[in-house]
Amino acid sequence: MNADWINTLEALTVVALVTILTRSLPFWFFGGKKELPDTVSYLGAVLPAAIMIILVVFCLRNTGLTVYPFGLPELLSVAVVITVHRFRKNVFLSIIAGTGLYMVLTRTLFMIVS
Amino acid sequence: MKSFIFAFKQAIPVFFPYLFIGIAFGVLMDEAGYSAGWSLLSGVFIYAGSMQIVMVSLLTAGASLGTIALMTFFVNARHIFYGIAFIEQFRKTGRKYPYMIVTLTDEVYSILCSIDYPDGVDVRQTDFYITLILHLVWILSCLTGALFGQLIPYDLAGIEFSATAFFITVCMNQWQSMDSHLPAIIGLISALSFYFILGPSQFILPALVVSVLVLIMMKSRSNNQKKNGSLDLEADLIERAEEISYEC
């Protein structure tokens, strides 16, 4: 029991430290400098747009495209988020509409019988 | 106070994914036989949703510390690219600087890069409040899952889509506020290409690295063409830099 306790603490500490490492790397590299290198401040301005769209793909990465329902619930829900956000520009509403539809679709039309 | 209310409003959309993922993590920990204290500690000191969930399976599998370190690095490596946009902004936060760095999650990152600060709101205070509020929501969610997760009578499956939905709205807001859509297009193309080449579990790092490289190449090309007038991208960069210095 005692050994278990120490193992868990060690594992948690490692995960926490490595996570902190990944988050702080750019600050270790560039945070100490008075003037940011040109390329870094340029990347700071243009990279977020690229990263955000990669994150969307990342969130949808486990969608099964080759098996039923072929990613249809995801596709329809993404379409609803885009449409609602395009016309109402309300983040809250867009999330509720998309997530609501997704939850309904995966429970009814596209329910995977297990 | 105005800054706090504004910060709270910005943070609300992320409450859903945080609650869901946090509770899911707490339930998994509880089912694996770890007491609520461990979930609490993870929420406070790790604060990384997908990694915490991966950690549960590593714990139950009895993985070695080396494996755990490597796994954590690969699951969270995307974070290396996040700080680049906030070096200047966070440096001005003084004592809060280290805290702002270690709490830069996917969701905090996406809020901070699409936020539009109104007049009379303190940029540094707002960033800090958003970070703090969401950290607390996360900690509470992990703890709730561990303590009461088994009691929740509803099946919440699918609510994780709220994170995707939120990121899509951030993309759309950025799309409208940026003069150049090239960075987003480059990101999408590289993400999809690597997704189809390498599959769902390995595509994100190459996609990020290639996007960075392509964007840097575009910059050096635009520098060469500078004599012919500045490109959209640079105009946008200068505009944003001015905006930030004005607000601080």
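Just so it is clear, none of the values below were taken in a lab; they were calculated from the coordinates. Note that this is a predicted model, so its numbers are computed, not measured. Cβ: placed from backbone, ideal geometry, glycine included. Neighbour counts: every protein chain shown.
The simple Förster model, with R0 at 22 Å and r as the Cβ-Cβ distance, assigns B:Ser64 and B:Glu31 a FRET efficiency of 0.45. Note on segment B:2-177: Kirkwood radius taken over Cα pairs, Stokes-Einstein applied at 4 °C and 1.567 mPa s, translational D equal to 76 µm² s⁻¹. Contact order for chain A, expressed relative to its length and based on alpha carbon pairs under 8 Å spaced 6+ residues apart, stands at 16 percent.
One decimal place: the segment B:Tyr117-B:His181 gains 20.8 nm when fully extended, by the rule 0.36 nm per residue minus the C-alpha distance. Taking the helices alone, the protein assembly as shown has a mean residue ellipticity at 222 nm of -24500 deg cm²/dmol, built from -39,500 (n - 2.57) per DSSP H run of at least 4 residues and averaged over all its residues. Its residue count N fixes a reference of 2.2 N^0.38 Å for segment B:1-52, and the Cα radius of gyration divided by that reference is 1.38. Neighbouring Cβ atoms from other chains, within 10 Å of the Cβ of residues in B:49-62, number 2 on average. Modelled spin-label separation between B:Leu151 and B:Phe196, with each label point placed 7 Å from Cα along the Cα-to-Cβ direction: 5.0 nm.
Across the alpha-carbon set of the protein assembly as shown, the Rg to Rh ratio works out to 0.96, Rh being the Kirkwood radius. Could you give the distance between the Cα centres of segment B:190-218 and segment A:1-77, to the whole Å? Cα centroid of segment B:190-218 versus Cα centroid of segment A:1-77: 14 Å apart. Pairs over the 23 Å Cα-Cα cut-off, from the set B:Lys92/B:Lys219; A:Lys34/B:Lys92; A:Lys34/B:Lys96; B:Lys2/B:Lys92; A:Lys89/B:Lys92; A:Lys89/B:Lys96: B:Lys92/B:Lys219; A:Lys89/B:Lys92; A:Lys89/B:Lys96. Taking the charge dipole of the protein assembly as shown about its Cα centre, with +1 at Lys and Arg Cβ atoms and -1 at Asp and Glu Cβ atoms, the residue from B:Phe196, A:Ser94, B:Leu147 reaching farthest to the positive side is B:Phe196. Based on Cα contacts under 8 Å between residues 6+ apart, segment B:2-177 shows a relative contact order of 49 percent.
Rg/Rh for segment B:140-209 (Cα atoms only, Rh after Kirkwood) is 1.15.
A Cβ-based charge dipole, computed about the Cα centre of the protein assembly as shown with Lys and Arg at +1 and Asp and Glu at -1, lands at about 380 debye. Note on A:Arg61 and A:Asn90: the extension gain reaches 7.9 nm, defined as 0.36 nm multiplied by sequence separation minus the Cα-Cα distance.
Placing unit charges on the Cβ atoms of the charged side chains and taking the dipole of the protein assembly as shown about its Cα centre, the candidate lying farthest along the positive direction among A:Gly31, B:Gly49, B:Gly62 is A:Gly31. An ellipsoid equivalent to segment A:36-114, defined through the eigenvalues of its Cα gyration tensor, has semi-axes of 32, 17, 8 Å when rounded to whole angstrom and sorted largest first.
Computed from label points 7 Å out along Cα-Cβ, the spacing between A:Val104 and B:Lys92 is 4.5 nm. Take each residue of peptide B:203-216, count the partner chain Cβ atoms within 10 Å of its Cβ, and average: the result is 4.
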